[in-house]
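See structure below.
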Amino acid sequence: MRLLRIEVVIASAALVLFVLLGWSNYEMRRRAVETVESYSSYDFQRGGYHAWFDLLRREGIHVARYERRPAYLNDSVATLIVATNDFDTQLRAKEQLPTGQYATSDLVKLHDWVVAGGRLVWLVDQATATDDETKQRLRKLFGLHSHGSLRLPLVSQSGTSSDAAIPIVPSPLTDGVATLSGTSGLRIPFDADPEMTPLFADDRGSVVAWYALGRGSVVIVTDETLFENGRIAKADNARLAYNLAAFGLAPGDMVAFEEWTHGYQTGDTWWSVTPWPMRLGLSVIFSALALALLGAVWRFGPAAKLPDNTERTSEEYVTSMAMLLDRGRAARKAIHDLGQIALHAAARSVGLPDSAPASLIATRLRGSEAGDRRAHDLITLERLTGYEHPSPAELIQAAQLSHTLRKDLSLDGFQHIQPRRSAARRSA
């Protein structure tokens, strides 16, 4: 018993050790990710956007988080805020945490959504200024001025570390914003796109720009640090954050922060990719199964009480068998069997084999009044056996004819048909 207790203590200690090691590894990975600005609305750290999300919610704006890839975007979202971060993506991938990167199909879907009337607020990834591989990938994805492209401009690291951009074009997006406070040197060159309107800029280029695309519009912000939790309260950053999200919203319109690239992914389930007719059919099936299970667990009425007398009479047995045969459409088989029995009896009575046809047997039977009647009954019975769907009356008729013929045409039936011979006289 003492040895068993020692083994239990050792196993419990090993289990606790494994749990502590797992928890410690998870915390180390989580803290490593938190050291990089994520620009996620879930992030409460200095480099997160939770303060921006909370600001919009306090102002009464319908704000939410979009956790699916843009390929599923629809008109339920009026304004989509996208703040990608390649540094955070690479770190999450290294730590084997969920992450995501846009494919060409995602950007095409974003383009179609904007053209249909959506507004996209795109915050330029800070990694584009330092990572040549990222620049090449973005150039390939964006496809400046190509068909189905968002026409996102390429940026350059030409600004200073201290953002001195000012509003240069009167617009509802610049209303109430006099100064900005950011740390990014990314700028959009003034000659990047003639259809693009600079909203905030300095002598090196634009920090915030706007352009129309179809029935919608795109707002480009080159400085993701403007709306960080630790900087949104500086200068007029909060006012700009509100203007970018709330401008032009109708009552009930939703502003969504894109979180799929930050690792908060709803994912593609088998239900989401199933066509709606199949989903409707499965819903009906599952509902029927649920009702069946509910009916099996909870009775909707009293149980049926069996009668005390379980004995059944012969009449009830015959009636039940008749009903069963009637449901199985056995009348044709029964008439056929009755006809075969009567035909064989008639053939033997006139000295013919069982395979003899009814017409030949009837010819042999004729010659007397009784024989003519039996020949007529035999022909009628043969006709009844050929019916595809005989009625109950025809079944009864066939049974009566078969019974009469077998009774009359027994082994001595031939003597009943022919005139009886006189008995031999005895000698004196």
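Numerical summary
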| read-out | value |
| --- | --- |
| Filtered residues of segment 172-205 (kept if among the hydrophobic types (A, V, I, L, M, F, W, C) and surrounded by 15 or more Cβ atoms within 10 Å (Cβ to Cβ)) | 173, 177, 180, 186, 188, 190, 192, 196, 199, 200, 201 |
| Residue list for segment 350-369, restricted to those being part of a helix (DSSP H, G or I) and buried (at least 18 other Cβ atoms within 10 Å of the Cβ) | 358, 361, 362, 364, 365 |
| Members of segment 377-396 found to be over 18 Å from residue 326 (Cβ atoms) and in contact (Cβ under 8 Å) with a residue 12 or more places away in the chain, listed by number | 377, 378, 379, 380, 381, 382, 385 |
| Criterion: surrounded by 23 or more Cβ atoms within 10 Å (Cβ to Cβ) and more than 19 Å from residue 114 (Cβ to Cβ) - qualifying residue of 155, 221, 169, 208 | 155 |
| Of residues in segment 171-185 being polar (S, T, N, Q) and more than 22 Å from residue 214 (Cα to Cα), the one modelled with the highest pLDDT | 174 |
| Answer from 372, 326 - the residue that is over 19 Å from residue 399 (Cα atoms) and surrounded by fewer than 14 Cβ atoms within 10 Å (Cβ to Cβ) | 372 |
| Matching option when the condition is modelled with pLDDT of 75 or more and over 16 Å from residue 244 (Cα atoms), among 5, 57, 68 | 68 |
| Residue among 217, 184, 206 that alone is over 44 Å from the mean Cα position of the chain (by Cα) and under 23 Å from residue 41 (Cα atoms) | 184 |
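Residue-by-condition table, conditions (1) in contact with a Ser or Thr (Cβ under 7 Å, 6 or more places away or on another chain); (2) in the same structural domain as residue 82 (by TED's automatic domain parsing); (3) modelled with pLDDT of 70 or more:
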position: 117; (1), (2), (3): no, yes, yes
position: 124; (1), (2), (3): yes, yes, yes
position: 136; (1), (2), (3): no, yes, no
position: 151; (1), (2), (3): no, yes, yes
position: 158; (1), (2), (3): no, yes, yes
position: 164; (1), (2), (3): no, yes, yes
position: 169; (1), (2), (3): yes, yes, yes
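The values are calculated or read from the model by the stated rules, or taken from the named source; none is laboratory data. Computed from a predicted structure; not experimentally measured. All Cβ positions, glycine included, derive from the backbone under ideal geometry; neighbour counts span all protein chains shown.
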